[in-house]
Every structure is written in structure tokens, then in C-alpha cells.
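Read the structure below first, then the notes.
The values are calculated or read from the model by the stated rules, or taken from the named source; none is laboratory data. Being a predicted model, the structure only gives us computed values, none of them experimental. Every residue, glycine as well, gets a Cβ built from its backbone with ideal geometry; the counts of neighbours run over all protein chains shown.
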Amino acid sequence: MEAPRLEVVNLSRGVFCPHLDGKHPAYPIGPYRYSRIQSTQCEMKQWDKVVLTSFGPDLWMHLAMGHHLVVHDFSEKPFKHHTEIRRETRACWQGMQFIRYVAERVWQMPPTSAYGRNREQLMNPQFSYMYDELLDTTKNWVRYYRNQRDQLGNRAPVQLTSCWREEWG
């Protein structure tokens, strides 16, 4: 059985994502959930804030239940290999993937391979270092949702992707 899928709009530029214009059959119109993964927090290496403030309890519970969350975001800058499309945002290629990595580590799952913006650099070694630097309170906060996941008997992988990676790989 396929996991329920939720479309998550990352504020504030995600509202401009072309997938949300109603013309893409793979991306239904609403109802949307909302996140606030801030690229500035990624740039400033505020990893505890990224984990604690990007998703509210609603989205963490959906991850714990095994739902597939697709994050929509939009960059003004073109992708270097195909200037007709926009590149993936830092909030997604770094912030969102780090959130998934943290969930997998705290929930005692094998981490998914995570690649940087241009799909050339494996991010897992950097994510491992960043994970080790997280405060125990941050890991405990994520552990709460592991307990919910365990009570639900969910063993599905963490399904957290960006719309950009779904379309462009």
C-alpha cells in the first residue's frame, strides 16, 4: 500500500513553486501543509534551529506515521546545467535533507544517501558531523516522534523529498 502523500509549501518562496499552479497532475491543488525551512539558518550552521523550527508537530507526526512529504520551494536562480529551470533551494538540498537524516539517525534507521545541490557531493559525511554537534535536547525532541512511530508500529522509511528532486532527479 502506498503511503499517503502530503504537499508541503515551504514559506515564503514555496508559494511561487510552479508545481502548485494546478496544471501538474502529479501535484494536486491543496490542501497544503506548511513548513519554514530557512536557508539563512543553513548558511549560519544553526542546525538545532533547523531541526526544531522548520516543521511543527503536525509534520513530524506525519513523518512518524510514514506519510510521504513533498516539500515545494522556489529559487529565483537558474540551475547551471539547464537555465530554463530553477535550481533546488538550499532549504531543500541541505535543510530538508538534514531533517530527514536526523529523523533516520534518531529513529535508528539506515540514513538515506543525500546529495548536494548539483547531485555531485555526497552530504552524509557532513551530515554525520552536523548530527554529532546537535544538542541532546534537539535529539530528545526528535526521539519523542520515534516513540510515536514505535507505538504506531510503523517501519516504513522516512519519505521526505523536494518537488525539485522528484521532477529533476
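Are any of the residues in the range 134-148 within 20 Å of ARG5 (Cβ to Cβ) and at pLDDT below 95?
Of the range 134-148, the ones within 20 Å of ARG5 (Cβ to Cβ) are 145, 148.
Going one step further and asking which of them are at pLDDT below 95, we end up with 148.
Yes.
Within the group GLU88, GLU76, GLU84, which residue is crowded, with 17+ Cβ neighbours inside 10 Å, out of contact with any Asp or Glu (no Cβ under 7 Å at 6 or more places or on another chain) and either assigned to a strand (DSSP E or B) or modelled with pLDDT under 80 (or both)?
Unique residue meeting the criteria: GLU88.
Test GLU104 against the criterion of being among the acidic types (Asp, Glu), touching a helix residue (DSSP H, G or I) at 6+ places or on another chain (Cβ under 7 Å) and closer than 21 Å to LEU52 by Cβ, and give yes or no.
no
Which numbered condition trips up GLU43, out of (1) in contact with a helix residue (DSSP H, G or I) (Cβ under 9 Å, 6 or more places away or on another chain); (2) modelled with pLDDT of 90 or more; (3) closer than 22 Å to ARG5 by Cα?
Going through the list (1) in contact with a helix residue (DSSP H, G or I) (Cβ under 9 Å, 6 or more places away or on another chain); (2) modelled with pLDDT of 90 or more; (3) closer than 22 Å to ARG5 by Cα, GLU43 breaks only (3).
Go through the range 113-162 residue by residue and tally those that are under 22 Å from LYS49 (Cβ atoms) and of a type in the set (Lys, Arg).
Selection size over the range 113-162: 4.
What number of residues in the range 118-145 are in a loop (DSSP other than H, G, I, E, B), out of contact with any strand residue (DSSP E or B) (no Cβ under 9 Å at 6 or more places or on another chain) and surrounded by 13 or more Cβ atoms within 10 Å (Cβ to Cβ)?
So the answer is 2.
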